[in-house]
Structure formats: C-alpha cells, structure tokens
Amino acid sequence: MLGIPTHLAPRVNAWSTVRAFHAGAIGSLVAAAIALLLYRLSEPDVQVISAVLALVPMLGMIGVHVQFGTWRSAVAFLVVGGVCAWWFAMVVQQQVPLGWVTSYLLSLAVIPLILVGGAGAVPSRVVLWSFLGFLTGRVATWIAVVQADGPPRPLVLAWVTLGFVVVLVLFTSRSTGRSERVQPELLRSAREEHVSAYRAGVEAEAAAILHDTVLNHLNAIALAPDGPMDPHLARTVEADVAVLTGKGWLAPAARQRPGAAVDAFAVMVEEHRAAGLDVTVSGDPSALDRLDQRAVTALVRAVGQCLANVRKHAGVDAAEVSVFDDGASCTVMVVDDGRGFDEDSTGSDRMGLRGSVRDRIGRVGGDVQIWSSPGSRTSVMMTVPFGPVTATTDAVATDHAGTVVPDEVGGVQEPTGERHDRGPSDRAAVRPARRDGVASARDRARRRQHRLGAPGVRVRP
C-alpha cells in the first residue's frame, strides 16, 4: 500500500478485500454445485437438480453486486441469497440424509452471504455486512431445517469463514494504519532523494558548461597574440557570459522543430573551423533529429568538447566527425591523428573528458568508448539511444556550448542577435556523406582497437 496516496489507501485496501471475498463466494457456490453433482453420481436415486438450480440466482446476484457495488445491490443480494439458501437447505435436508455432508453443503450455501462485503470501503462496514450475511444465511437454513423436521446443523465451516473474515479485515486495517504512518516518511525520503539527484545533475552540468566556456576561453586568450582580441573570440566570450549569467540552461529542454538538431551541429562544427580546426563531417547528421532536445544538447556539447580537446592537446589541426544511425541509437565518432593519450594517467582534476563528455553523455542514457594510447591517434565514440519523437516548436535554447536557435526559414540566430542565413554551400558542409564513410570510421576504430590490444572503455549510466 506504500505506492498508494495515504488518503486512498484504506478505501483501496477495503475494496480489494471485498473483491477477493466475491471471488471466494463464487468459488463456494461452484464447490456446492460440484459436491451435489458428485453425490448424484454416487446415489442415482436422489434428486438434487433443484438444489443446484437454487444456486443460480445467487450467482447472478453476485454479478449484479460486483457491477453496481451499492448498499441497495448488497441488500438485494442478501434477500435473494436468503431465499436461495432456504430453497437449497430444503432440498438438501430431504435428499442428503448424511449429517456431516448436509452441514457441509449448507455451509457452502451460507458462505457467499458472509462474503458479500456490502458496499463499504471501510473495514468496519465490511465486517458488519459479513455478520448480516451470516445471520441471513443462518436464519434461512434454520427455517428450512425446522420445516423439514430435521436435526440442528452447526454449520461449522460457515462459522470458520466468519471468523476468518473478521480476523483478515482487522489485520488489513491495522496494516493500512501502519502504512499511513510510514508512507509520509517514505514519500519524503523519495522526494529528497529525487531532489538530491536532480541537484547533483544540475551541478555536474554547470561544472561541464563552466569548463566548456570559461576555461576554454581562458586558454584561448592565453595563447592569443598580443593586441586586440579576435572578434570571433570576443563574440563567443560575450555569448558564454550571457549563458552563465542566465537561467536558460536550467529550463526544461524545449521541443525542437525538424532540422534544428542538424543546425545546432552545423553551428558547432563551424565554430571549431573558425578557430582553425579542419573538421571533416561524414555519415548522416540528420540522425540527430531523431533524438530529443536534451540528448541533442548533450551530444552536440560533448562533440564540441572532443574537438576542443583535439585543438588543445592532439597536436594536429584536423579531425573527422562521423554520425551514423543504427536504428536504435545515434552514434557520433570523433577521430584525430594526433599524439594520443592514456586515459588512466589523466589527472582527476582534468574535467574535459570526464565531465564534459562521459558524464554528460551518461546523463542522457548514452555511453562512451575511447580508443587511444600515447603516440597513437584517438577515437572517441559516443552513442545515445533514441527517445520518443518530440513535437515541433518554433525555438530551441541557444548557447555557444552546443545548442542554437534555428528560426522558421532555416537561418540561425547568432549569439549576438544577428541572423545568419545559411546558403547552399554552408548546408553542404553538414550534408550526409556517403554511407561507406560510416563503415570506414567503424573499421578504423576496430583496427585501432586491435592494434592497441585493449578493448574500449565503456561507461554506462
């Protein structure tokens, strides 16, 4: 009952018990009919068909009561059941002379009246209706016994059933009371755990954005020649300051229009090209449109950080980015021919690969594989599963770290507020290349993994 709201737990518990009682009542009637038919097979001279027919109206009234579940249907069930129990007892008294068998059969006819459950969703009402049903059945069978001039029948099984009902209802009501006392604490703990996990995710994303923006720009400024700052660098610094001081990155991910993910990917690639990195795009970037906006943002930012790492650490000025779709997930591979590195020897204070790539992809349910070693080229493969298709909207959150606001006609809203219309030559830069480019990227990764003699490191969320 811990998963049910506290104010609904008693009613749900009582109704569940009543439904179980109804099933038991049907089983009791079926058992009585089977017992009579078996007795008829062993004693061909007895006439018990009328007793079996007496059970049919009672069975029908159980269905009516289950359908409506009101006090009127409960009263109608008791009235009809009482008449049927009297009819049943009259036939059994005359046709089944065995004392213990007669008592057993009469108990089976009374048990459905005990298990009527009434219309109550409160334990005390369930018990009250059970007592009323027992009294109705007991009076009906007593009248039949007196009319047939038979000996008294104790109806032991009916008494046992009544006791079981009372004990079960009292036990479940106490259990519900304990659940009501414990449930608020559990819900509070679950809420605190959810808040803590959300806060940890926000803090991790904030640290990753800080690394992707401030630290990268400080490094670019340190390496820049003396004199005025490069205009492109100045614009990106201003845009990132706006991101860091705003709350847009904290807002729930907006649903994107078709093509917005490809545009965001293109802007990210163009930014690194403007910074001096020769980026070759192959595969099928349109696969990004199948991801939800949160996954697109994470993946584009992670790819951007991989390209930033190539510029800063690989010692080369070229990289290849391959995007491919295997039907269940979108995979992006970043490959460079640089100096390589040993991930195990990377200091714990280095956040680029750990926070901005691995953890970021992990937060959207993806995983990362890396093939590299000192003196060898590096391949980083990021795989994110496709989520449900999202509806379209007119805008998407924008920032330099990987998301962008495509407008209605295919242009891109620059961080400075100016609109840049992408022409055919710009679109060709991210147009899907040959499918064999995907295969070649996979083959290169497999050959590199074989040459290094170690499997890729797979991180799962």
Computed accessible area, Tyr198, all protein chains, 1.4 angstrom probe, square angstrom: 130
Where the range 76-158 is the region considered: accessible area per residue in Å², 1.4 Å probe: 41
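The values are calculated or read from the model by the stated rules, or taken from the named source; none is laboratory data. A quick note: this is a predicted structure, and the numbers were derived from the prediction, not measured. With ligands, DNA and RNA removed, areas are computed over all heavy atoms of the protein, side chains included. Shrake-Rupley method; radii C 1.70, N 1.55, O 1.52, S 1.80 Å.
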